[in-house]
Amino acid sequence: AGLDFVRRFSWHFYGADRGNYSARLRGVLDAMNLSSTFHGRVDDVQGAYCAADVAVAFPLHDRNPRVPTEALRAGRPVFASLEANLAGAVACQPFVGAVSWRDSRRNLIAAFQSWALNATAAA
C-alpha cells in the first residue's frame, strides 16, 4: 500500500545535476514506477516552491539547509532527511517530517505516508 500512496504524486526535481545524480535517481524512480520530471536549475525558485504541494529535501549532508527553509517560507510542508540539519524547533512542527536517508526504502515510504497524513490533518 505504501507505493500506491507515493504514486499518487507527480514528482518534480530541481537543481544542478552533480555527479550524474539525476540519472541514478531516475533509475530508482523508474524502478518504483513513479511519475517524475527533472527541471534542472530554475531562475524562479520561489515560483517552483509555490507551485508544489510539498517540498522534499534529502541531501546526504547539509550545513546550510536552504531548501527546507525556502520551502517553509513559501508556505509548503517539508519532508526532509535528518542529514538536512533542520533546526530542532523547525523539525518538531507537524508540517515538517524528518527521517534518515540511510533507512530502508520501505521505512522511508512508510514515514512519508505517515507524515503526509498527519501534515494534511494539521493543515
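Quick look at the values:
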| read-out | value |
| --- | --- |
| Evaluation of His61 against (1) without any contact (Cβ under 8 Å) to a residue 24 or more places away in the chain; (2) open to solvent by 70 Å² or more (accessible area, probe 1.4 Å) (one fails), failing number | (1) |
| Members of the stretch 8-33 that are under 14 Å from the mean Cα position of the chain (by Cα) and on the phi < 0 side of the Ramachandran plot | Phe9, Ser10, Trp11, His12, Phe13, Tyr14, Leu25, Leu29 |
| Qualifying residue in the stretch 82-93 (condition: touching a residue at least 12 places away in the same chain (Cβ under 8 Å), over 21 Å from Ser22 (Cβ atoms) and among the polar types (S, T, N, Q)) | yes |
| Members of the stretch 27-49 found to be surrounded by fewer than 15 Cβ atoms within 10 Å (Cβ to Cβ) and either in contact with a Cys (Cβ under 6 Å, 6 or more places away or on another chain) or within 24 Å of Arg66 (Cα to Cα) (or both), listed by number | Thr37, His39, Gly40, Arg41, Val42, Asp43, Asp44, Gln46, Gly47 |
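The values are calculated or read from the model by the stated rules, or taken from the named source; none is laboratory data. Here the structure is a predicted model, which is why all the values come from computation and not from measurement. Cβ sites come from the backbone with ideal geometry, for glycine too, and all protein chains shown count toward neighbours. Side chains included, ligands, DNA and RNA excluded: accessible areas come from the protein's heavy atoms. Shrake-Rupley method; radii C 1.70, N 1.55, O 1.52, S 1.80 Å.
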